[in-house]
Amino acid sequence: MENNLNESELSEAYLAKCLRRLKEWGAPLEDWRCVDLIDMCEGDDEDTPPTFAKCDLCDCHKVRFVHVMDHPLYFEEVRVGCICAGIMEGDVLAAKERERLMKNRSQRRKNFVAGKWKEATPRKALRLYTRTHKGQKLWISVYPGNRYYVRCDEKTTSRYKGQPIDNFYSAVYAAFDLADPMEDIL
């Protein structure tokens, strides 16, 4: 297996443990790819303790950024922490970079939510809010019946996390996701 592993970053015992678990599952030992990255603390406010996940591979219980790993020869996705993701894909530095970018995005998201929107109501029946993020113009339109639509340049949505947007707070998060998409990290 060809890995870009730094000996000081990974002990042989840790690496062996991860590979042993993959062998126990009958899973491939290399060529995995990260298909999603989940921030377990997304949505947590400052008054609640942080939420963590458990790594499927090494059983660590303090995983904040879950790397969702996929392999065409394995029947399900595996959710792991940063180092285990690096072992599975054969590049710990790439996994660390992905996590660094995710931490930066998390901070941008926090700042974005705290930012101000300017109200610009063009018609009586419509409320419109605007702002700019990363050079992109964003709009939140609120129609009668509490129907929210979010637009960022040419991208538009009326859904957040698979549900119709029914409040301003969810619209703000949807606007952030349009302006600063996860695809840029993956």
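Here is how the numbers come out for the structure above:
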{"read-out": "From Val66, Val78, residue being under 16 Å from the mean Cα position of the chain (by Cα), modelled with pLDDT of 95 or more and over 25 Å from Arg109 (Cβ atoms)", "value": "Val78"}
{"read-out": "Filter pass, Val142 being farther than 30 Å from Cys34 by Cβ, among the β-branched types (Val, Ile, Thr) and crowded, with 17+ Cβ neighbours inside 10 Å", "value": "yes"}
{"read-out": "Conditions (1) over 19 Å from Tyr169 (Cβ atoms); (2) surrounded by 13 or more Cβ atoms within 10 Å (Cβ to Cβ): number failed by Phe75", "value": "(2)"}
{"read-out": "Of the criteria (1) of a type in the set (Gly, Ala, Ser); (2) outside the structural domain of Ala16 (by TED's automatic domain parsing); (3) in contact (Cβ under 8 Å) with a residue 12 or more places away in the chain, which one Gly135 fails", "value": "(3)"}
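The values are calculated or read from the model by the stated rules, or taken from the named source; none is laboratory data. Computed from a predicted model, the values in this text were never measured in an experiment. Using ideal geometry, Cβ is built from the backbone for each residue, glycine included, and neighbour counts are taken over all protein chains shown.
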